[in-house]
1. Taking amide H positions as placed 1.01 Å from N in the peptide plane, with prolines and chain starts having none, which residues 5 or more places from Glu57, or on another chain, fall under 5 Å of its amide H?
2. Which whole-number percentage describes the relative contact order of region 308-382, with Cα contacts under 8 Å and a sequence gap of 6 or more?
3. For region 251-384, just run the numbers: alpha carbon Rg, then divide by 2.2 N^0.38 Å, N being how many residues it has.
4. Return the ratio Rg/(2.2 N^0.38 Å) for region 308-382, where Rg is computed over Cα atoms only.
5. For Lys329, give me every one of the lysines with a C-alpha distance below 16 angstrom, ignoring sequence neighbours fewer than eight places off in its own chain.
6. For the chain, what is one quarter of the convex hull surface built on the Cα atoms, given in nm²?
7. Could you list the residues of region 110-125 with an amide nitrogen less than 13 Å from a label point located 7 Å from the Cα of Ser133 in the Cα-to-C-beta direction?
8. Report the relative contact order of the chain, percent, no decimals, based on alpha-carbon pairs under 8 angstrom and at least 6 residues apart.
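Here, each number is a calculation from the coordinates, and none is a lab measurement. Everything numeric in this text was worked out from a predicted model, so none of it was measured. Methodologically, a virtual Cβ is constructed for each residue, glycine included, from the backbone with ideal geometry; neighbour enumeration extends over all protein chains shown.
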Amino acid sequence: MEIPVMMLLLASLLMAPAALPAEHAVILIIDGLSYKAVDRLDLKNLRNLIANGTYYEKSYNILPADPRSGEWTRYHSSSIPNPVILAGTVLLRSDQRYVQECFYPDRITAHAANDIAYRRINMGFHLSFLKGSDEKPTHDDETMHWALAFLRKERPAFMKIHLQDTGSAGYLCYQEKNPATPWRHNIWAEGSPYLTAALRADEYLGRFLDELGKLGMRGKTVLFVTSDHGQADKGWHPSDDPEAWPMPLVVSGPGVRAGQRFDYAEQIDIVPTLCHLMNVKPPANSDGRILAEALLSAPADVPPRRQRIKELNALILEGDALLNELRTKAKSSPALKEKLADTERDYYGLDRILEWNRFGTVDKLMAHNRAVLKELSGPTHTGR
């Protein structure tokens, strides 16, 4: 009796071994990488990952502010986007826990970055290399040297690598004073230090991938290659420039679908997705979305994609503009001073990010701020 071909095919699929789970996870950050770089530059290694994984053209993070005073500096030493990535939420707590602590202490973790600004998010890593500052820079070659050393020595379950030079090069373009310099205020111009640094970062990515292969880890490692913030065409990342909000995100490795391309994700989605693939619990207040469309097998209850962070950033800019307008008018109108005091008390801008968690969800935070701004934009209160 002949067995139908379809039944044979079904049987073979049922008997086929399931895809191996990820044993290692890596977040590799190329500081200040523009979402345009993938199409504009010959980033061979990143493009190879894209072909073999899932690519999000624009993944949004919170506004790339870097407070140097105030409440933020009591708990953090880096710009705001960096703790957000490792926490998987913008609703940060003063006692925030990060993804590396989900592996600690039983599974080895490692952190390599060429800037001591990341020292406050270094807690919970077994191995770390942090060296360099704006005044005394350390470059990507040394960061990658230590990342590879950690990889060979301990084969960490989780590793974060932060290559700083691309972002620093973008700032050089922004700061350049000589109007005759082609790359002054243009990171894409010929000879731009930004182009050089981005291409070199791609070479370091290739070196890391090669080492994973030599150690027999490539097929067991899920990689998230992205940035901490975007880059304006003129260089740097002004918070009010929407070009600085998104960055590319590439996910590749076991459990990840190949050849997929989507237009939108959020950086808070990295941690829940990583934890799902590594079978560990994310930080308790992580509220990012598992990138279900990128996975071969995903939970059934994942909500649809929304553009919450992009929407939140736009709302913050709107609120800041209205508040600044009120401050200006209050200088010459004593009647508006009370309204200004009330608004500054009730409005939760980026400077109060460590208080956002009291709302419980980003939706409730935005609803509250919208109500405050609705009052603020009325003609009675603004003197119009």
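1. Excluding prolines and chain starts, which carry no amide H, the hits are Phe262, Asp263, Tyr264.
2. Details: 45 pairs, mean separation 29.5, N = 75.
Averaging sequence separation for qualifying contacts and normalising by length gives 39 percent for region 308-382.
3. Values: Rg = 20.0 Å, N = 134, 2.2 N^0.38 = 14.1 Å.
Normalised Rg, Cα atoms only: 1.41.
4. So the Cα radius of gyration is 1.10 times the expected 2.2 N^0.38 Å.
5. Lys337, Lys339
6. Numbers: hull surface 95.0 nm².
Seen from a random direction, the Cα hull of the chain projects 23.7 nm² on average.
7. Those under the cut-off are 115-119.
8. Values: 733 pairs, mean separation 100.3, N = 384.
Once divided by the residue count of the chain, the mean separation gives 26 percent.
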